[in-house]
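Encoded as structure tokens, the structure appears first; notes follow it.
Only the coordinates and a few stated rules stand behind these numbers; no lab work does. If you're wondering where the values come from, they're calculated on a predicted model, not measured in any experiment. Cβ coordinates were reconstructed from backbone atoms using ideal geometry, including for glycine residues, and neighbour counts include every protein chain displayed.
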């Protein structure tokens, strides 16, 4: 049981380049999330998808776009990468929106460096 | 609005010593509170959660946390640290309102000395 799988695990971009981070979960969860992790700032929500067909902005959505391709997959796109987007990106899923009585399941992260 | 503050970005303890990681929250309504742990090069995993049942919550690996409403705190403790506890720990809060987002603290890196 793979859980939440993210690709790629590492990526180096030049300023202005674009890329897409892929995320897939095999737990039949309804909700999926993209977070970024920066030292001392914890995890900050970029976008989330409460259910298939819906997406909403989180705390730091500028410079990103998302697509909920189907129930399993939720991708994050950087259209024109900037050095400020250097970070570790985590995809997560939960059975229901925020799953108040449960938990979020996280992928292993994607480390992105923008030069 | 809600927020969570973790006091101390780095905590160092000796193996066998008490572990105390501090978390304070601000919330206008009763919150749900969580502790997540992140081992090196891995994603976060749930350690324990408070959802308005018992105020003392027991989690995995011998950790526990106590919800204290009067102090707006949810500190994480473990009586005796093991080397394998070295990791980063995140406190998170969400108001029991579907319109709010899960908010994470800045994290505390726990180091365990032999």
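Here are the numbers for this structure:
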quantity	calculated
GNM top mover of A:73, A:59, A:95 - chain A, alpha-carbon springs below 10 Å	A:59
Cα→Cβ-extended label distance, 7 Å offset, between residue A:73 and residue B:26, nm	4.2 nm
Chain B - Debye-derived log10 I(q)/I(0), Cα point model, q = 0.16 Å⁻¹	-0.67
Residue mean of other protein chain beta carbons inside 10 Å, A:42-55	2
A:34, B:35 arranged by Cβ crowding within 10 Å, fewest neighbours leading	B:35, A:34
Ranking of A:77, A:68 by count of other Cβ atoms within 10 Å, fewest first	A:77, A:68
Exposure proxy ranking, count of Cβ atoms within 10 Å, fewest first, for A:43, B:33	B:33, A:43
Where labels lie 7 Å past Cα in the beta-carbon direction, separation of residue A:86 and residue A:28 in nm	4.4 nm
Label-zone membership for the stretch B:54-75, site residue B:7, 7 angstrom Cα→C-beta point, backbone N under 12 Å	B:71-75
